[in-house]
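The values are calculated or read from the model by the stated rules, or taken from the named source; none is laboratory data. Every value quoted in this text rests on a predicted model; they were computed, and no experiment measured them. Counting neighbours? That spans all protein chains shown, and the Cβs are built from the backbone with ideal geometry, glycine included. To get the accessible areas, we keep the full protein, side chains included, count just its heavy atoms, and leave off ligands, DNA and RNA. Shrake-Rupley method; radii C 1.70, N 1.55, O 1.52, S 1.80 Å.
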Number of protein chains: 2
Amino acid sequence: MPRLRSTKPRSATTPGTDTEGIDISFLRTQVGYNARRAALHIIGIFMERMAAYELKVVEFSVLSLLAHNPGLTSRHVCAALSIMPPNLVGLVTALEKRGLLERRPHPSDGRAMGLYLTPDGEALTTEAEQAVAQLEVDATANLTASERKTLIRLLQKVYD
Amino acid sequence: MPRLRSTKPRSATTPGTDTEGIDISFLRTQVGYNARRAALHIIGIFMERMAAYELKVVEFSVLSLLAHNPGLTSRHVCAALSIMPPNLVGLVTALEKRGLLERRPHPSDGRAMGLYLTPDGEALTTEAEQAVAQLEVDATANLTASERKTLIRLLQKVYD
DNA sequence: TATTGTTATACTCTATAACTATA
DNA sequence: TATAGTTATAGAGTATAACAATA
């Protein structure tokens with residue numbers, strides 16, 4: 001299989017700032033590279049807009065997960081979001097201090113704590129989810145509704 | 001707009017380990033969430049397989065970029081791969097110490113250094129690119145060739 | 001004055017080991 | 001013996017400020 005590889009060194013006169021003329025043909029044919037670039041693009045816009053709610057990506061994910069699954073334990077949240085248990089502790093503590101969720105002892109398992117949104121947490125999450133839904137549409141404005149649906153389906157086929 | 005949100009708390013008897021039965025319907029409708037999950041899935045397999053070449057994702061990206069664009073300056077590489085200049089320094093130094101690339105003074109700009117793969121670097125990159133291409137196909141085995149092509153096209157529409 | 005490459009540094013994110021209390 | 005939550009800590013990744021050499 002022949003390698004497509006330019007032999008001519010790049011213009012010796014203009015180092016320049018732009019990305020124009022740089023050959024990234026190999027990386028562009030890889031799903032991983034493109035998925036990462038697309039994810040970072042959307043996450044960048046997420047961070048800009050969600051700063052108003054003082055929510056990072058993982059914090060929003062936890063809140064949204066608990067909004068739809070009240071009483072989930074830390075272990076459940078970790079499994080669903082691929083978070084290491086030690087890293088969830090500080091996160092939950094911070095959200096608890098902000099009055100957005102609370103830990104309640106599990107009724108039948110003395111080791112476990114159920115996580116529940118407070119009314120404030122519910123309200124904020126409702127707003128935040130709407131903001132995220134809008135932000136996602138804006139961040140993927142180059143896609144038609146149909147393309148967006150197809151993209152999500154194909155991405156899920158990759159990791160499911 | 002009604003919120004779909006379960007009101008019934010989760011089973012009080014089985015905290016469990018699995019992810020079964022957890023409702024992640026909201027997150028699953030977001031492109032950003034799915035793109036990140038898919039990227040992490042592929043990157044995980046990348047790290048496993050490319051450990052044989054002692055190459056991390058960013059290191060491979062730099063090598064592949066230089067293979068197709070000999071003489072690129074640090075500034076170019078940073079712009080093309082969204083790396084902060086201070087973070088590229090150690091990376092290039094390490095690859096140089098491994099004998100995979102070398103810095104040559106730019107012929108017309110005394111500040112700049114052109115980056116070039118050594119013959120060893122070229123050889124390793126050729127092997128690594130083949131390994132990555134295979135790994136990508138394996139990591140996206142649930143997709144047909146046509147779906148894979150569509151996925152890449154849609155991802156590029158998002159961030160281009 | 002602006003830019004390239006660099007150093008030093010700080011901040012964030014993620015990962016590992018070990019402890020406690022319960023099961 | 002195993003598991004849930006936690007603590008402390010280490011490591012990787014990413015970001016900013018400032019400097020020397022050159023444009």
Problem set entry | Entries of A:149/B:56; A:56/B:157; A:157/B:157; A:56/A:149 with Cα pairs more than 29 Å apart | A:149/B:56
For this session: Using only alpha carbon positions, build the gyration tensor of the range B:66-160, then give the equivalent ellipsoid semi-axes as the square roots of 5 times its eigenvalues, largest first, whole angstrom.
Result: 31, 18, 11
Seminar exercise, completed: To the nearest 0.05, the calculated FRET efficiency linking residue B:147 and residue A:137 through their beta-carbon distance, R0 being 25 Å, is 0.60
Seminar exercise, completed: Output row, site residue A:156, 7 Å Cα→C-beta label point, backbone N cut-off 18 Å, window the range A:78-97, residues A:80-82
For this session: List the distances, in nm to one decimal, from the label point of residue A:58 to the label points of the same position in every other copy, shortest first, placing each label point 7 Å from Cα along the Cα-to-Cβ direction.
Result: 1.8
For this session: Keeping the other protein chains in place, figure out the carbon and sulfur percent of the accessible area of the protein assembly as shown, with a 1.4 Å probe.
Result: 57 percent
Exercise. Which FRET efficiency, nearest 0.05, do residue A:25 and residue A:58 yield, Cβ-Cβ r, R0 41 Å?
Worked result: 0.75
Problem set entry | Simple label model, 7 Å out from Cα along Cβ direction - residue A:127 to residue A:84, nm | 3.4 nm
For this session: Over all alpha-carbon pairs of chain B, lay out the pair-distance distribution in 10 Å bins, whole %, shortest bin first.
Result: 8, 27, 27, 19, 11, 6, 2, 0
For this session: Please give the total accessible area that chains A and B bury against each other, computed with a 1.4 Å probe and expressed in Å² to the nearest 100.
Result: 7500 Å²
Problem set entry | Descending Cα extents along the principal axes, the range B:113-160, whole Å | 37, 26, 12
Problem set entry | Calculated label separations, residue A:144, copies of the chain, 7 Å along the beta-carbon direction, nm | 1.9
Problem set entry | Other-copy label distances relative to residue B:120, 7 angstrom Cα-Cβ extension, nm | 5.9
Problem set entry | Theoretical ellipticity at 222 nm over chain B - DSSP helices of four or more residues, -39500 (n - 2.57) apiece, nearest 500 | -18500 deg cm²/dmol
Exercise. Where only protein heavy atoms count, and the probe is 1.4 Å, what is the accessible area per residue for the range B:14-137 in Å²?
Worked result: 47 Å²
Problem set entry | Contact order normalised by residue count of the range B:56-153, Cα under 8 Å, 6+ apart, percent | 27 percent
